[in-house]
Amino acid sequence: MKEKKIKKVFLNGAISADFIAQSIAKHALKKEIGAHSIFLGQVRNDLIEDKKVIAIEYSTYESMAELNFHTIREEIIQKFDLTCMHIYHSLGLVNAGEISLFVFTSSVHRKAAIQACEEIVERIKQSVPVWGKEIFEDETHRWKKNNV
């Protein structure tokens, strides 16, 4: 069996609505697909110890994380007989309200697409070395400096 190439998962900054829309539109030509499932992880403006989160700064060991994503991808495609799967995760600063994780699964039938999408998100949270550092309202001097 031919070894599959490790796909790039990380994008700098937030994942835009345009990027998501273009990803969906590209699948219109794949007529064997009967269902898509999408998960969008959005940064919340949580209150932690009375401080409001205004952004999250994501970091990772990229080569290790890419390998973890690749393993998840290959196992899930086979387990659920998916037609297509895409995973994108942000690195760097992502403001509250913006998207930091985009998981997109496609299959012949909806149940496989939905179950696969859910399992991917759970496995990412459990095993992929991606860290998020909350940036608080009172740290705006640091945030503005990095967001210029």
Note to self: Residue pairs, Cβ under 7 Å, 6 or more apart or interchain, first in segment 4-19 and more than 16 Å from GLN42 (Cβ to Cβ), second among the aromatic types (Phe, Trp, Tyr) and modelled with pLDDT of 95 or more. List them.
What the structure shows: VAL9/PHE69; VAL9/TYR88
Next item on the list: Could you list all residues from segment 1-32 that are touching a Ser or Thr at 6+ places or on another chain (Cβ under 9 Å), within 24 Å of GLN78 (Cβ to Cβ) and modelled with pLDDT of 95 or more?
Entry: PHE10
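Hey, can you tell me all the residues within segment 82-107 that are of a type in the set (Gly, Ala, Ser) and buried (at least 19 other Cβ atoms within 10 Å of the Cβ)? Give the steps one after another, and end with the answer.
So in segment 82-107, the residues of a type in the set (Gly, Ala, Ser) come out as 90, 92, 96-97, 100, 106-107.
Those that are of a type in the set (Gly, Ala, Ser) and buried (at least 19 other Cβ atoms within 10 Å of the Cβ): SER90, SER100, SER106, SER107.
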Next item on the list: Please state which of the following conditions TYR58 fails to meet, knowing it meets all the rest: (1) in contact with a Gly (Cβ under 9 Å, 6 or more places away or on another chain); (2) surrounded by fewer than 16 Cβ atoms within 10 Å (Cβ to Cβ); (3) of a type in the set (Ser, Thr, Tyr).
Entry: (2)
Checklist line | Residue count, segment 78-90 (criterion: touching a residue at least 24 places away in the same chain (Cβ under 8 Å) and over 16 Å from the mean Cα position of the chain (by Cα)) | finding: 5
Next item on the list: Please state which one of SER63, SER59, SER127 is touching a strand residue (DSSP E or B) at 6+ places or on another chain (Cβ under 7 Å) and among the small types (Gly, Ala, Ser).
Entry: SER59
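Find the residue count for segment 34-63, including only residues that are aliphatic (A, V, I, L, M), closer than 20 Å to ILE114 by Cβ and either under 16 Å from the mean Cα position of the chain (by Cα) or not in a strand (DSSP E or B) (or both).
First, the residues of segment 34-63 that are aliphatic (A, V, I, L, M): 35, 38, 40, 43, 47-48, 53-56.
Narrowing further to those that are closer than 20 Å to ILE114 by Cβ: 35, 38, 40.
Remaining after also requiring either under 16 Å from the mean Cα position of the chain (by Cα) or not in a strand (DSSP E or B) (or both): 38, 40.
The qualifying residues number 2.
Can we say LYS31 is over 26 Å from SER127 (Cα atoms), without any contact (Cβ under 8 Å) to a residue 12 or more places away in the chain and either of a type in the set (Val, Ile, Thr) or assigned to a loop (DSSP other than H, G, I, E, B) (or both)? Break it down into steps so the answer makes sense when it comes.
Working: over 26 Å from SER127 (Cα atoms): yes; without any contact (Cβ under 8 Å) to a residue 12 or more places away in the chain: yes; either of a type in the set (Val, Ile, Thr) or assigned to a loop (DSSP other than H, G, I, E, B) (or both): yes.
Considered against the rule, which asks whether it is over 26 Å from SER127 (Cα atoms), without any contact (Cβ under 8 Å) to a residue 12 or more places away in the chain and either of a type in the set (Val, Ile, Thr) or assigned to a loop (DSSP other than H, G, I, E, B) (or both), LYS31 comes out as yes.
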Margin query: Looking at segment 7-44 only, could you name the residues that are surrounded by 15 or more Cβ atoms within 10 Å (Cβ to Cβ) and polar (S, T, N, Q)?
Written below: SER23, SER37
Notebook entry, point to check: Hey, ILE6 hits all of (1) in a strand (DSSP E or B); (2) more than 14 Å from ILE124 (Cα to Cα); (3) not acidic (Asp, Glu) but one; which does it fall short on?
Noted result: (1)
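Report, by residue number, each residue of segment 64-101 that is part of a helix (DSSP H, G or I) and of a type in the set (Val, Ile, Thr). Give the steps one after another, and end with the answer.
Taking segment 64-101 and keeping what is part of a helix (DSSP H, G or I), we get 64-80.
Residues satisfying the conditions are THR71, ILE72, ILE76, ILE77.
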Check: Give me the pairs: first residue in segment 37-54 and in contact (Cβ under 8 Å) with a residue 12 or more places away in the chain, second residue basic (Lys, Arg), beta-carbon distance under 7 Å, and six or more apart or on different chains, which are they?
Finding: ASN45/LYS52; VAL53/ARG44
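The values are calculated or read from the model by the stated rules, or taken from the named source; none is laboratory data. Since this is a predicted model, take the numbers as computed values, not measurements. Please note: Cβ atoms are built from the backbone with ideal geometry, for glycine as well, and neighbour counts cover all protein chains shown.
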